[in-house]
Amino acid sequence: MQNFLDKQWQEVLSDFEGKISAVGLDLWVKKLKPIHINGDALVFLTPNEMVRDTVLRMYNDLLLQSVEKNFKLSQVMFVLESESEEYIEKWNLRDSENGEPLPEVLSQEVKHENPFNPRYTFENFVVGTTNQMIYAAARAVAEQPCVRFNPLFIYGGVGLGKTHILHAIGNFVYERKKGQIKLVYVTCEQFANDFYDLLQHSREKGMVEFRKKYRLADVLLVDDIQFIIGKDKLQEEFFHTFNDLFQHGKQIIISSDRPPKEMTTLEDRLKSRFSSGLIQEIAQPDLETRMMIIRKKVDMEGYQFEESTIPMLAERLERYNIREIEGVLGKLYFFANLHGKAVVDRAVAEEMLAKSHELDVSVGRVVTSDKIIDAVCRKTGVTREELLGKKRNKELVEPRQICIYLMWKNLNIPMSSIGKIFNRDHTTAIHARDKISELVKTDKIMKRLVNEIENLANKS
Ligand code: ADP
Ligand code: MG
């Protein structure tokens, strides 16, 4: 790989010849040594800051042009020799045999290949009643980016397919528009890391690099945007990135675990930007969708399941998100095989689900009073202090009663213990429980709210 870097670098140097003085070439440009390709950037090892700064000041445009031409990369980065150890560690650029630093092109091959997960395609995405809207919107955006639904904002709990959908859009656009459309996919965390990393080196240059990376996108996909909450500087930068792309008619697709209106400390102007396109929920799959998903997964993985186990599993795995369903199927198949059965039949499945603790399928499904409290707070906008406090305003009493009801329903603890959580006696707790039990039978809106809170608590 170093060969590739050296070879292309010679091309760059010949581009410089005749365009800058021979002294300039020897003294500065030839002091750079390309060592790595990091995402979209060619990384140079630089002997000192003077070389770096001079190159940036005098030859930046020419260098970028030539790097773009010869390496198909849009950015350059500089690592000082004094920082090189750190860089080598961070990117693991060490020869596995002799431990010597190994300046090589880690992502060279990847770079020109499709960066999206090949399994996360539209074809592999099971469409049921709970996600058909999102599928249609994502498909429309993939077929004609920048035309409709901009931004497309997808939200829903963990393991329900947000990342899958983003990658499906990416895969689709990539396959059809290779080389014509620049796709940039990041998780919010990556976006944050890039931002802080670049700013660390030099505020001004860092910003230039950062902007170059994100603002060159034709389609920007940001996964898990909720991590932006509470990070002011990052919100600010994202806002500018968003506006810049948006104004240039570029497509933005965002995923989040909650809708913009529930992103409590998110700046209003960002909230309104997010809300200006299409906001679509990706919901917990219903029975029929679960059944289709199970069939698809069994088929894709080549598992053998007796037909009658499928509706049974779909029924029993009601509370599970899709990632967990995948986990359960894998484990069932594995355990059946371990017990000498090539096919998971009903008896085996039943038996294993009954001992779900052994199967480990219920791990992560443990609801706690804390999770219920959190979910109630998030869905009703009441704070934890208010919920657990003494005040008895109507806005607080109802969420508190819902909380009590859900604790009774989900936690195997006596009413008196539930009462204690709220500093109230057990008759108050019972009253609350009965009231909400009644309401969920008669009041559709209450039923929906309670369901949503329960799902949220179960998912967290
Ligand atoms: P999220 O990003 O919402 O947490 P993921 O996109 O990572 O969830 O999905 C979790 C797993 O479930 C992935 O393996 C994904 O392929 C699968 N999955 C989610 N939704 C579907 C669907 N509708 N059809 C098939 N597989 C799905
Ligand atoms: Mg995800």
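The values are calculated or read from the model by the stated rules, or taken from the named source; none is laboratory data. The shown structure was predicted, so the numbers you read here are calculated from the model rather than taken from an experiment. Cβ atoms come from the backbone with ideal geometry, glycine included; neighbour counts cover every protein chain shown.
Tell me whether the range 61-68 contains one or more residues that are part of a loop (DSSP other than H, G, I, E, B) and either within 26 Å of G179 (Cβ to Cβ) or not hydrophobic (A, V, I, L, M, F, W, C) (or both).
Scanning the range 61-68, I find no residue that is part of a loop (DSSP other than H, G, I, E, B) and either within 26 Å of G179 (Cβ to Cβ) or not hydrophobic (A, V, I, L, M, F, W, C) (or both), so the answer is no.
Just to be sure I understand, how many residues within the range 159-181 are outside any helix (DSSP H, G or I) and at pLDDT below 90?
Result for the range 159-181: 4.
Scan the range 287-313 residue by residue and report those that are among the hydroxyl-bearing types (S, T, Y), within 16 Å of ligand 1 (Cβ to nearest atom) and assigned to a helix (DSSP H, G or I).
T289
Quick check: anything in the range 151-158 buried (at least 21 other Cβ atoms within 10 Å of the Cβ), in contact (Cβ under 8 Å) with a residue 40 or more places away in the chain and in a loop (DSSP other than H, G, I, E, B)?
yes
Would you pick out the residues in the range 314-327 that are more than 16 Å from ligand 2 (Cβ to nearest atom), assigned to a helix (DSSP H, G or I) and more than 14 Å from E351 (Cβ to Cβ)?
Once the filter is applied, which keeps residues that are more than 16 Å from ligand 2 (Cβ to nearest atom), assigned to a helix (DSSP H, G or I) and more than 14 Å from E351 (Cβ to Cβ), the range 314-327 yields A314, E315.
Which of (1) in a helix (DSSP H, G or I); (2) more than 29 Å from the chain's Cα centre (by Cα) is the odd one out, the single condition K331 does not satisfy?
So K331 meets the others, but not (2).
Please go through (1) in the same structural domain as P145 (by TED's automatic domain parsing); (2) within 23 Å of the chain's Cα centre (by Cα) for G249 and return the number of the only condition it doesn't satisfy.
(2)
Among the residues of the range 212-247, how many are of a type in the set (V, I, T) and either within 16 Å of ligand 2 (Cβ to nearest atom) or farther than 20 Å from I169 by Cβ (or both)?
Result for the range 212-247: 4.
Only residues that are within 16 Å of ligand 2 (Cβ to nearest atom) and either among the hydroxyl-bearing types (S, T, Y) or modelled with pLDDT of 95 or more (or both): list them for the range 248-262, please.
Result: I253, I254, S255, S256.
What is the one condition in (1) modelled with pLDDT under 85; (2) more than 26 Å from Q65 (Cβ to Cβ); (3) touching a Leu at 6+ places or on another chain (Cβ under 7 Å) that L221 does not satisfy?
Among (1) modelled with pLDDT under 85; (2) more than 26 Å from Q65 (Cβ to Cβ); (3) touching a Leu at 6+ places or on another chain (Cβ under 7 Å), L221 violates only (1).
Restricting attention to the range 314-335, report how many residues are of a type outside the set (G, A, S), free of Cβ contacts under 8 Å to residues at least 40 places away in the same chain, within 15 Å of ligand 1 (Cβ to nearest atom) and crowded, with 21+ Cβ neighbours inside 10 Å.
Selection size over the range 314-335: 3.
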